[in-house]
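What follows is one structure encoded as structure tokens, with my remarks underneath.
Taken together, the values in this text are just the output of simple stated rules run on the coordinates, not laboratory data. Please read all numbers here as calculations on a predicted model, not as lab measurements. All Cβ positions, glycine included, derive from the backbone under ideal geometry; neighbour counts span all protein chains shown.
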Amino acid sequence: MPATQKKITLIDTTLRDGLQSPGIFITTPDAAKIAARIAEAGVDEIEAGIPARGLLEIDMVRKIADACPSTVITAWCRPKLYDLKAALSCGTGSVHFSFSISDLYLNVIGMRPASVLRRCGRILRAASSAFPLVSVGIQDATRTPIERLMEFSAIAFKNGVRRVRIADTAGIADPLSVQEMIRRLASAFPEKDFEFHAHNDLGMATANALTAAQCGAKSLSVSINGLGERAGNAALEEVVMAMKLSPGIACGVKTESLFSLCHMTAKLTKRPIAPDKPITGELVFTHQSGIHCFGLAKSPKTFEPFPPQCAGRGGRTILFGPRSGRSTLDVMLSSLGISVESGLKTRLYSFITEESIRLKKMLTIGDVASITALLFGSIPMRFTRPMTGTKRT
């Protein structure tokens, strides 16, 4: 990592917040398997569960800790001594407490700010004497007055907390509001660690997380495939690749592991990845447009933000459809190592366009190879070097 880059700590919450996504069920062995792969990928910390749920959850957290001996494993708690005691039975070295101090949440729980702040001091003093690593979260922080956030943070840091989480619980923040909030907090506590926890209700979780990192947050919450309540959280794979392309920040995650990690998690959680999902979707490195294929043949950077192999993918896919241009055919023939004389190529282009329409499907490079052989038989062909990175499907 270059000396000019700031290292961002990633806290993966797939096995806590992600498992609260409706309809997801996972066994303890599968949770441990995901955790091990998260650790192998280079993620700094794993938020592993909520021990207060009972013995099954405690067992899961223990198994996750066993599977990741070199990674920080954190148990999530409500601000209650009962939760602290449950967390102590998990054998982790890290614990996290979540507090509510926005006006909305205070009305819901029937408390006043002063009462929460007093409770904060008591529970954190007890936690700090029991755990080497303690962090706290502020629920609904993006709808909480900044002065109250600062007052809470001051009390938390005074009582031995290593990090304060700023949670956009309802997913209503935007990059400009995140920028203002994080800059003010980082300026007020320049040596302290603030974490941003984004939800994706307005489709801005990745953008908000990246903005927070650029504006002074030292840590970010993420989850694999964006799993989480409602519309989910900031996606691990999106945040990691966004940081890779952003100067000045880095996280140390092995990007080549992302594709297999995300697809394994999708299989174990039975939550399929959408074909156009950024980074890992089946179609995000698939091209059919002639304009795109012409540009890719000159330089892959024209229509791809990073090489597919960078995220652990095999390569790009070229398909031919009714709206493909001649450049698409050129790229497909080049990938096959075939050169066809201009007049015959025109005939081939018309034929495969008609075939795509007739079959009502996109044609693969294999389809084009078969059609070329059937149409021209033993026509002389000159073999050339295939286009780099194109899969022969």
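Descriptive notes on the structure:
- Counting only Cα atoms, the range 286-376 measures 38, 27, 20 Å along its principal axes, largest extent leading.
- The range 81-102-the range 309-375 distance, computed between alpha-carbon centres (Å): 58 Å
- Relative contact order for the range 286-376: 31 percent, from Cα pairs under 8 Å spaced at least 6 residues apart, divided by residue count.
- Rule-of-thumb Rg ratio for the range 230-306 [Cα; 2.2 N^0.38 Å; N residues]: 1.26
- Counting only DSSP beta bridges with both residues in the chain, the antiparallel share comes to about 5 percent.
- Listed candidates (i) 26, 46, 21, 7, 0; (ii) 22, 34, 26, 16, 2; (iii) 27, 58, 14, 0 - label of the one calculated as P(r) over Cα pairs in 20 Å bins from 0, in percent: (i)
- Given LYS267/LYS361; LYS33/LYS85; LYS6/LYS80; LYS298/LYS360; LYS298/LYS361, the pairs whose alpha carbons are separated by over 32 Å: LYS6/LYS80
- Fewest-first sequence of PHE152, PHE189 by Cβ atoms within 10 Å of each Cβ: PHE189, PHE152
- With a cut-off of 15 Å between beta carbons, the residues surrounding PHE306 carry a summed charge of +1, where Lys and Arg count +1 and Asp and Glu -1.
- Taking the range 267-327 and dividing mean pair separation by its residue count, relative contact order in percent (alpha carbons under 8 Å, at least six apart): 35 percent
- All alpha carbon pair distances within the range 152-255 were sorted into 5 Å bins beginning at 0; the resulting P(r) in whole percents reads 2, 14, 24, 24, 18, 12, 4, 0.
- Relative contact order of the range 6-269, taken over Cα pairs closer than 8 Å and 6 or more residues apart, is 22 percent.
- Radius 14 Å from Cβ of PRO51, net charge of other residues (Lys, Arg +1; Asp, Glu -1): +3
- More than 17 Å apart - percent of Cα-Cα pairs taken over the range 1-98: 48 percent
- Summing charges over all other residues whose Cβ lies under 10 Å from the Cβ of GLY23, with Lys and Arg as +1 and Asp and Glu as -1, gives +2.
- At q = 0.15 Å⁻¹, base-10 log of I(q)/I(0) for the range 62-188 (Debye sum, equal scatterers on each alpha carbon): -0.72
- Sorting 9-16, 26-33, 96-103 by average packing, meaning the other beta carbons within 10 Å per residue, from highest down gives 9-16, 96-103, 26-33.
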